[in-house]
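Accompanying notes for the structure given below.
The values are calculated or read from the model by the stated rules, or taken from the named source; none is laboratory data. Since we're looking at a predicted model, the values are computed, not measured. Every residue, glycine as well, gets a Cβ built from its backbone with ideal geometry; the counts of neighbours run over all protein chains shown. In case anyone asks, the SASA skips ligands and DNA or RNA and just uses the protein heavy atoms, side chains included. Shrake-Rupley method; radii C 1.70, N 1.55, O 1.52, S 1.80 Å.
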Amino acid sequence: MKVLFDHQIFSFRYGGASKYFAMLMNYLPKGSCASTSLFSCNEYVRAKQLFRTYPYMFRGQSPMTDILNTPYTHYCLRRRDYDVFHQTNFGTSFIGDIGDKPMVTTYHDSNLSTIDPHPEIVERQRLSLKRADAVIAVSNNTKDDLLELFDIDERKVHVVYHGIEMPDLSLLPQERILEFPYILYVGRRSEYKNFWRLAEAFAHIHPAYPDIHMVCTSEGFSAQEADRFAGLGIGDAVHHISADETTMQRLYRDATLFVFPSLYEGFGMPILESWSCGCPVALSAASCFPEIAGDAGMFFDPKDVDSIADCLGRLLGDETLLRDYKARGMKRVRQFSWQKCADEHMRVYSDILAAAGTRKSK
């Protein structure tokens, strides 16, 4: 069997969706998959040496990559030298090229329908989901959202969790990036990520824990954000670090606590990343988080600053509780692996390929 992935998601340098597809391709049986990417600027593709990437980063590489790869994707799909097509993003211009070949698409979350509405993209999602022979949902919570938002046959929706590669922490530099103790926040600071309620909660507890700082990744702080930190009285206690994969592992490893305050996520990959580095987790009692974290994280009400502050205070003030949640996380993370994820995808591919063969024989 040959599964063909289009280039779309690999035109992005980072991102949870591109990491999922890169790791999936890496763990599928050797020779069973290919991509229509002539070039990629994706760092996960580069790390796994899946196919050709640019030797260095330059301005405008993502849109240029998309321009270069689009005609080649049309060419590859029209050749039909594959058994199953797995769409990596919701561009629909390729759907007409695949004819009656089986198609799979992955639905990551409902953000574009709800929290950050983009009707034009949602329409492309609708067309893709309608054409797909199978749809991968990354959690049961995401599956429920999908079925509520779109007219789709539940029988073709398959829940497959993401995985994690357990890092060898002994290979990391032993020295800490930051000498002071800190809680870690990962990702963008957009509204649904609920960062500013976390910042307010941190400001509430900071007088009681003045040695604890907060570290944020993703983009640097704007002047407005810096002013807001100062207004909360935590301007000297909040820090930004631009982090690659190795730096992220070191930040997780050395953090006192990882906090995930989002109002909504499709899966929440940073939960697994934190556990894999031995970092305890505090997170929202919302969306997919209870499903993914189980009893291995301490939960709070993400819309209640006092609830977030209470959770942080309880953990920061109790070393035994921190060790307990660290141990729970290290146990639970073993339930997730990219190999298991890839094996479950292969079953989906095999089933829809067999079903397509049956239809043709009738």
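So for segment 85-93 (the condition being over 18 Å from Val135 (Cα atoms) and in contact (Cβ under 8 Å) with a residue 60 or more places away in the chain), does at least one residue qualify?
Applying the first criterion (over 18 Å from Val135 (Cα atoms)) to segment 85-93 yields 93.
Then keep just the ones that are in contact (Cβ under 8 Å) with a residue 60 or more places away in the chain; that gives none.
Taking every residue of segment 85-93 in turn, none turns out to be over 18 Å from Val135 (Cα atoms) and in contact (Cβ under 8 Å) with a residue 60 or more places away in the chain.
Given the residues Tyr182, Tyr252, which is the only one that is of a type in the set (Ser, Thr, Tyr), touching a Leu at 6+ places or on another chain (Cβ under 7 Å) and modelled with pLDDT of 95 or more?
Tyr252
Looking at segment 98-119, can you tell me whether even one residue there is more than 24 Å from Ser274 (Cα to Cα), part of a helix (DSSP H, G or I) and of a type in the set (D, E, K, R)?
Checked segment 98-119: no residue is more than 24 Å from Ser274 (Cα to Cα), part of a helix (DSSP H, G or I) and of a type in the set (D, E, K, R).
Find the residue count for segment 36-46, including only residues that are within 27 Å of Thr247 (Cβ to Cβ) and not in a helix (DSSP H, G or I). First the steps, then the outcome.
First pass over segment 36-46, keeping only residues within 27 Å of Thr247 (Cβ to Cβ): 37, 39-46.
Adding the requirement that they be not in a helix (DSSP H, G or I) leaves 37, 39-42.
Going through segment 36-46 one residue at a time, the tally reaches 5.
List pairs: first in segment 340-362 and on the phi > 0 side of the Ramachandran plot, second open to solvent by 50 Å² or more (accessible area, probe 1.4 Å) and not in a helix (DSSP H, G or I), Cβ under 6 Å, 6+ apart or cross-chain?
none
Given the options Asp83, Asp109, Asp97, Asp6, name the one that is modelled with pLDDT of 95 or more and either touching a Gly at 6+ places or on another chain (Cβ under 6 Å) or among the aliphatic types (A, V, I, L, M) (or both).
Selected residue: Asp109, the only one of Asp83, Asp109, Asp97, Asp6 that is modelled with pLDDT of 95 or more and either touching a Gly at 6+ places or on another chain (Cβ under 6 Å) or among the aliphatic types (A, V, I, L, M) (or both).
Of all the residues that make up segment 10-30, how many are touching a strand residue (DSSP E or B) at 6+ places or on another chain (Cβ under 8 Å) and not in a helix (DSSP H, G or I)?
Number satisfying all stated conditions: 1.
Considering only segment 59-69, state which residues are of a type outside the set (Gly, Ala, Ser), open to solvent by less than 60 Å² (accessible area, probe 1.4 Å) and out of contact with any helix residue (DSSP H, G or I) (no Cβ under 8 Å at 6 or more places or on another chain).
Selection gives Gln61 alone.
Here is a list: Ile234, Ile205, Ile292. Which entry is out of contact with any Asp or Glu (no Cβ under 8 Å at 6 or more places or on another chain) and farther than 16 Å from Leu312 by Cα?
Ile292
Asp211 versus (1) more than 21 Å from Leu316 (Cα to Cα); (2) part of a loop (DSSP other than H, G, I, E, B): which is the lone unmet condition?
Of everything listed in (1) more than 21 Å from Leu316 (Cα to Cα); (2) part of a loop (DSSP other than H, G, I, E, B), Asp211 misses just condition (1).
Report every pair of residues separated by at least 6 positions or lying on different chains whose Cβ atoms are under 7 Å apart, first residue within segment 51-71 and under 17 Å from Phe5 (Cα atoms) and part of a loop (DSSP other than H, G, I, E, B), second open to solvent by less than 80 Å² (accessible area, probe 1.4 Å) and among the aliphatic types (A, V, I, L, M).
Qualifying pairs under 7 Å: Phe51/Val45; Arg52/Leu38.
Residue by residue, here is whether (1) under 30 Å from Val84 (Cβ atoms); (2) crowded, with 18+ Cβ neighbours inside 10 Å; (3) charged (D, E, K, R) holds:
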| residue | (1), (2), (3) |
| --- | --- |
| Asn140 | yes, no, no |
| Leu146 | yes, yes, no |
| Leu169 | no, no, no |
| Ile177 | no, no, no |
| Tyr185 | no, yes, no |
| Arg188 | no, no, yes |
| Tyr192 | no, no, no |
| Trp196 | no, no, no |
| Glu200 | no, no, yes |
